[in-house]
Amino acid sequence: MDKLLDVENVSISFIQYTQGLNQRNLKVITDLTLDINEGEILAVLGSSGSGKSLLAHAIMGILPENAQLNGKIKFKGKDLSQEDKEEIRGSKIAFIPQSVNFLDPLMKISDQAIGHTESEEEKKSKKIKQREIFEHYNLGPEVDEMYPFQLSGGMARRVLVSTALLSDPELVIADEPTPGLDEKTVKETLNHFRHMKEDNIGVLLITHDIHAALDVADRIGIFYSGYVIEIAETKDFTGDGENLLHPYTKALYKALPANGFELKKGHQPLHGEIPEGCPYYNRCEMAFDRCEKERPQLISLGNKKVRCFKYEEGA
């Protein structure tokens, strides 16, 4: 498989005003590294506030103006500038937003799916393609003339997926596509991503739903306080979690009801509260002395990655 996306040592921070109009630079994502291949589904899994959606916005080039972005984002080997992101956004890279509120309430579904066209001929061509894709996702001709408020939750989600595919993207970024959906619609939504994979489209699935991630992804990247602490193969989430590398990933897996519901004390540190060393230091049962003051790097171990001193050479 050819590599589609490379995110290398990306950090995102914001200037924050504190008491007395003092400024501080608040890092929300630090040293983030991951990659996605053609026809692969990579799930990025993390709790609310861990920085997952900011990753999507950084790739799409839609970060707020006060955001500071460092590091490299490459698409098919090319280092993307802001201008590059704007050029390929909505074409080679498509975005499925978290909320169906992204649909324009005042436009008919077909019109907003097709978007702006330069000529009647282009409009007809896009209409034919739109109808083909909508049919593939069980959206009949009557949907074209509907407004968003007339759609069920599942139909609205299918419209967002279909609209993203109209431009024949090579990479699809889906930001929290399953919250609030019933079990049937969740399965339906995950099947959409499987169809994309079959069509050799890369998918970045951003979610806090570990069950959805395990059901559909090839690999899973674990976010913790703005860091990727492990990228594991989905098949490693089996048994007692013995093939998982990072202690937080193991704890997350064992906290599932099916795996004993073992809960760890403490909480994920908020941005600005992250300790000087390893972000998981205060909750880790196997911490070394150096973990309190030194921050581990993300180490590659074949198709896996882990941020932990235990796996450093010679450790």
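The values are calculated or read from the model by the stated rules, or taken from the named source; none is laboratory data. Keep in mind that what you see is a predicted model, and the values were worked out from it rather than measured. Methodologically, a virtual Cβ is constructed for each residue, glycine included, from the backbone with ideal geometry; neighbour enumeration extends over all protein chains shown.
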**Request:** Would you mind stating whether ALA258 is touching a residue at least 40 places away in the same chain (Cβ under 8 Å) and either aliphatic (A, V, I, L, M) or closer than 23 Å to SER152 by Cα (or both)?
**Result:** no
**Request:** Please work out which residue is surrounded by the fewest Cβ atoms within 10 Å (Cβ to Cβ), limiting yourself to segment 82-111 and to residues that are closer than 20 Å to LEU204 by Cβ and among the polar types (S, T, N, Q).
**Result:** GLN82
**Message:** crowded, with 18+ Cβ neighbours inside 10 Å, in contact with a Lys or Arg (Cβ under 9 Å, 6 or more places away or on another chain) and closer than 16 Å to HIS208 by Cβ: which single residue out of GLY61, GLY46 fits that description?
**Reply:** GLY46
**Fill in**
Residue set PHE149, PHE134; condition surrounded by fewer than 12 Cβ atoms within 10 Å (Cβ to Cβ), in contact (Cβ under 8 Å) with a residue 12 or more places away in the chain and not in a strand (DSSP E or B); output residue PHE149
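Listed here are the residues, each with its yes/no results for (1) buried (at least 16 other Cβ atoms within 10 Å of the Cβ); (2) within 30 Å of GLN16 (Cβ to Cβ); (3) more than 21 Å from the chain's Cα centre (by Cα).
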residue: THR238; (1), (2), (3): no, no, yes
residue: LEU244; (1), (2), (3): yes, no, no
residue: GLY260; (1), (2), (3): no, no, yes
residue: CYS278; (1), (2), (3): yes, yes, yes
residue: ASP289; (1), (2), (3): no, no, yes
residue: ASN303; (1), (2), (3): no, no, no
**Prompt:** So is ILE114 modelled with pLDDT under 95, in contact with a helix residue (DSSP H, G or I) (Cβ under 8 Å, 6 or more places away or on another chain), surrounded by 18 or more Cβ atoms within 10 Å (Cβ to Cβ) and farther than 19 Å from ALA174 by Cα or not?
**Reply:** yes
**Message:** Going residue by residue through segment 182-193, is there one that turns out to be under 29 Å from GLN112 (Cα atoms) and part of a loop (DSSP other than H, G, I, E, B)?
**Reply:** yes
**Item:** Among the residues listed as LEU204, LEU252, the single one being farther than 18 Å from ARG157 by Cα and not in a loop (DSSP other than H, G, I, E, B)
**Value:** LEU252
**Asked** GLY71: crowded, with 16+ Cβ neighbours inside 10 Å, farther than 20 Å from CYS278 by Cα and touching a Lys or Arg at 6+ places or on another chain (Cβ under 6 Å), yes or no?
**Response** no
**Request:** Could you please let me know if LEU270 is in contact (Cβ under 8 Å) with a residue 40 or more places away in the chain and more than 17 Å from VAL228 (Cβ to Cβ)?
**Result:** yes
**Fill in**
Picking from LEU204, LEU139, the residue that is among the aliphatic types (A, V, I, L, M), under 30 Å from GLY77 (Cβ atoms) and buried (at least 19 other Cβ atoms within 10 Å of the Cβ) would be LEU204
**Asked** Among the residues of segment 152-172, is there at least one that is of a type outside the set (Asp, Glu), surrounded by fewer than 16 Cβ atoms within 10 Å (Cβ to Cβ) and at positive phi?
**Response** no
**Prompt:** Does segment 283-304 contain at least one residue that is part of a strand (DSSP E or B), basic (Lys, Arg) and at pLDDT 95 or above?
**Reply:** no
**Asked** Of all residues in segment 78-101 being hydroxyl-bearing (Ser, Thr, Tyr) and either over 16 Å from ASP6 (Cα atoms) or touching a helix residue (DSSP H, G or I) at 6+ places or on another chain (Cβ under 7 Å) (or both), which is modelled with the highest pLDDT?
**Response** SER91
**Request:** With respect to ASN66, determine if the residue is in contact (Cβ under 8 Å) with a residue 40 or more places away in the chain, within 30 Å of HIS267 (Cβ to Cβ), exposed (fewer than 13 other Cβ atoms within 10 Å of the Cβ) and not aromatic (Phe, Trp, Tyr).
**Result:** yes
**Asked** Only one of these conditions is not met by GLN16: (1) in contact with a Lys or Arg (Cβ under 8 Å, 6 or more places away or on another chain); (2) at pLDDT 85 or above. Which number is it?
**Response** (2)
**Message:** So GLU233 passes all but one of these: (1) at pLDDT 95 or above; (2) buried (at least 20 other Cβ atoms within 10 Å of the Cβ). Which condition number does it fail?
**Reply:** (2)
**Asked** Which of (1) closer than 17 Å to GLY46 by Cβ; (2) free of Cβ contacts under 8 Å to residues at least 60 places away in the same chain does SER225 not meet, given it meets every other one?
**Response** (2)
